[in-house]
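Data block below; observations after.
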Amino acid sequence: MKSTGSWYHVLTDGGDHYQARIVGKLRLDDLKLTNPVGVGDMVELEIEHEGDKLALIKSVLPRKNYIVRQSPRKKLHLHLLASNIDQAFLIVTIIHPNLKQGFIDRFLLMTEPHDIPVTIIFNKADLYTKKQTAMFTYLESIYLKLEYSVLLTSCITKLGLDEVKQSLQGKTTLISGQSGVGKSSIINAVLPGLGIHTKELSDYSGKGQHATSYAEMHSLSSGGFIIDTPGIKTLSFNNLEPMDVAHNFREFFERSNHCKFYNCTHREEPKCAVKSAIEKGEISELRYLNYLKILEEIEEQNYWLRHTEM
């Protein structure tokens, strides 16, 4: 349900809560992780002290999916955001703070490899001027065409909140977004009384506690769970190669079979079906520019920095 440093808050099938520690070395597909157990993991417990509700995590059960990002503090490591999720909600806003559009595509690059459905929620609609509304309409058309769900919300006017609440029922949902977009406000508006806290200190201050914020899972009375994640400033990728990026921009992948070269990166190669589709207006040029930026960043990293597998 939550990890704070070397301690993990675990909920059993029977509804009991335990504070647990890890036994031995647990790894994620042999990747170098800052947190080998993540929120949403199903684990095997050994009760250490029933009275104090202390336990040991013996193993992690196979995951149906997971989301990892490059650790913001350890550049050679990955950070496990969450696992075993049914869907993800990415909360953004056009203004206050101004939208960094590239962030949407970077987030989708984390969910796409595992076919995790994403709803992009544009919040703070009450602040949008005619210009910002036009920007929303433009972006909405891009992502709806790619079959991502898009919602427009406002915690002030209650716009879209019923749809958000209904979409959460019976599912495990990761909720993410950059700082200041109103993520906690939306959660508290659709799930009053849940007790979402933006900052909280751990009851345990043992060695090895991370200085970064943590994700936390909450049970819903209507069934299901939400995983509230700390605000993300930036997203970089040390675990992806250029072809991984090309294959996980879904509209690029669909057309890549028509490129002249099987390993086309859709840049300088001749007879590229993706570039042809961009010229025809069939693929968003904005998405393509974000794609090129990500490729540039990945290729600027040294080989040893990009390969985290041990």
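Restricting the search to the range 16-36, which residues are closer than 23 Å to Asp86 by Cβ and modelled with pLDDT of 90 or more?
Result: His17, single match.
Condition first: under 20 Å from the mean Cα position of the chain (by Cα), free of Cβ contacts under 8 Å to residues at least 60 places away in the same chain and over 18 Å from Ile227 (Cβ atoms). Can you find one or more residues in the range 33-53 that meet it?
no
Do you know which of the residues in the range 127-155 that are touching a strand residue (DSSP E or B) at 6+ places or on another chain (Cβ under 6 Å) and assigned to a loop (DSSP other than H, G, I, E, B) is surrounded by the fewest Cβ atoms within 10 Å (Cβ to Cβ)?
Kept after step one, since they are touching a strand residue (DSSP E or B) at 6+ places or on another chain (Cβ under 6 Å), are these residues of the range 127-155: 136, 140, 143-144, 148-153.
This time we only want the ones that are assigned to a loop (DSSP other than H, G, I, E, B), so: 148, 153.
Working: Tyr148: 19, Thr153: 26.
Out of the qualifying residues, it is Tyr148.
Could you check the range 272-281 and list, in sequence order, the residues that are surrounded by fewer than 13 Cβ atoms within 10 Å (Cβ to Cβ) and either in a loop (DSSP other than H, G, I, E, B) or assigned by TED's automatic domain parsing to the domain that holds His114 (or both)?
The answer is Lys280, Gly281.
If I ask for residues that are under 16 Å from Arg250 (Cα atoms) and assigned to a loop (DSSP other than H, G, I, E, B), which ones from the range 98-126 would you list?
Those that are under 16 Å from Arg250 (Cα atoms) and assigned to a loop (DSSP other than H, G, I, E, B): Asp115, Ile116, Pro117.
Tell me which residues, restricted to the range 230-259, are at pLDDT below 95 and over 19 Å from Asp105 (Cα atoms).
Once the filter is applied, which keeps residues that are at pLDDT below 95 and over 19 Å from Asp105 (Cα atoms), the range 230-259 yields only Asn257.
Take the residues of the range 228-271 that are part of a loop (DSSP other than H, G, I, E, B) and of a type in the set (S, T, N, Q): which is farthest from Leu99 (Cα to Cα)?
In this case the residue turns out to be Asn263.
Which members of the range 64-78 meet the condition of being in contact (Cβ under 8 Å) with a residue 24 or more places away in the chain and assigned to a loop (DSSP other than H, G, I, E, B)?
Once the filter is applied, which keeps residues that are in contact (Cβ under 8 Å) with a residue 24 or more places away in the chain and assigned to a loop (DSSP other than H, G, I, E, B), the range 64-78 yields Asn65, Ser71, Pro72, Arg73, Lys74, Lys75, Leu76, His77.
Just to be sure, is Lys183 crowded, with 19+ Cβ neighbours inside 10 Å and closer than 26 Å to Gly223 by Cα?
yes
Please find, among Lys124, Lys165, Lys158, the residue that is among the basic types (Lys, Arg), buried (at least 20 other Cβ atoms within 10 Å of the Cβ) and within 29 Å of Pro192 (Cα to Cα).
None of the other options fit; the residue is Lys124.
The values are calculated or read from the model by the stated rules, or taken from the named source; none is laboratory data. Source: prediction; values computed, not measured. A quick note on method: Cβ atoms are made from the backbone with ideal geometry, for glycine too, and the neighbour counts reach across all protein chains shown.
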